[in-house]
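Below is one structure, written out as structure tokens; the observations come after it.
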Amino acid sequence: MSLLNNKVDAYLKDGCGRCKLFATPKCKVNTWRTELEMLRSILHKSKLTEEIKWGNPCYTWEGKNVVMIGAFKESCVLSFFKGALLKDPFHILEKPGENSNTFRLFRFTDSKKITTLKTKILAYINEAIELEKSGAKIERKTTPIELPVELKQKFKEDPILKAAFQKLTPGRQRSYVLFISAAKQSATRSSRIEKYRTMILSGKDVNGR
């Protein structure tokens, strides 16, 4: 059984602290607190260590990341770092994005689904632990990244940003492209570029690391 971590208690109370909604009623954690607490309870039945990474509860095996929980606007999720290797006999795992080669997740929009799947969720968690114990690796696929139109245009206007982006590792470049491209509206994509410009210039990834 994993031990309680008071940093996760703080997360469930106030949120991840990565946006201006931190510790406000509008924080997304408030929307999904019941579901997140239920997922946490299931995870405590495993032998994983409870930590906070990137502002969210992360569960590790001997220091290696196995699974995370998090809150979004329309759902909360339980994400497996090596989910692509899980057998998924019930076909209930999702890709977080079309280009994801590693992560797989459970997405929840109500507590009833968690109650229904509780036993299966724990089975998937235990399988993920065994994968980590075995030293299983995911062969990462590398495909050329197609820049969104808004980012191409911004590079023409801002050569300093372009130069900084090109100095980023391929993985960091890809994470920015996926994050920006995920926005449905062109205006939102442009807004994300402006918002993260300073981080790109600082050589940081999309999570600020």
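The values are calculated or read from the model by the stated rules, or taken from the named source; none is laboratory data. Quick caveat, the model's predicted, so the values are computed rather than measured. Backbone-built Cβ (ideal geometry, glycine too); neighbour counts: all protein chains shown.
Structural remarks
- Residue that is nearest to the chain's Cα centre (by Cα), among those in segment 162-190 that are assigned to a loop (DSSP other than H, G, I, E, B) and of a type in the set (S, T, N, Q): THR169
- Hey, PRO144 within 19 Å of SER100 (Cβ to Cβ) and surrounded by fewer than 11 Cβ atoms within 10 Å (Cβ to Cβ) or not: yes
- Filter result for the condition that a residue is over 22 Å from GLY17 (Cβ atoms), assigned by TED's automatic domain parsing to the domain that holds SER46 and without any contact (Cβ under 8 Å) to a residue 12 or more places away in the chain, over LYS112, LYS82: LYS112
- Condition check for THR34: modelled with pLDDT of 95 or more and over 19 Å from ILE125 (Cα atoms): yes
- Test set (1) of a type in the set (A, V, I, L, M, F, W, C); (2) without any contact (Cβ under 8 Å) to a residue 40 or more places away in the chain; (3) within 28 Å of LYS137 (Cβ to Cβ) - LEU21 fails condition number: (3)
- Any hit, segment 30-49, residues being touching a helix residue (DSSP H, G or I) at 6+ places or on another chain (Cβ under 8 Å) and over 19 Å from LYS118 (Cα atoms): no
- Counting only strands (runs of 3 or more DSSP E) that sit wholly inside segment 51-92, those with at least 1 residues that are of a type outside the set (S, T, N, Q) and touching a Gly at 6+ places or on another chain (Cβ under 7 Å) are 76-80.
This table checks each residue for (1) among the charged types (D, E, K, R); (2) within 24 Å of GLU35 (Cβ to Cβ).
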position	(1), (2)
LYS64	yes, no
ILE69	no, yes
LYS82	yes, yes
GLU94	yes, yes
SER111	no, yes
THR116	no, yes
LEU131	no, no
PRO144	no, no
LEU147	no, no
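- Matching residues, segment 109-153, being under 30 Å from GLU194 (Cα atoms) and among the acidic types (Asp, Glu): GLU146, GLU150
- Extreme residue, modelled with the lowest pLDDT, among residues of segment 55-103 that are among the aromatic types (Phe, Trp, Tyr) and surrounded by 14 or more Cβ atoms within 10 Å (Cβ to Cβ): PHE103
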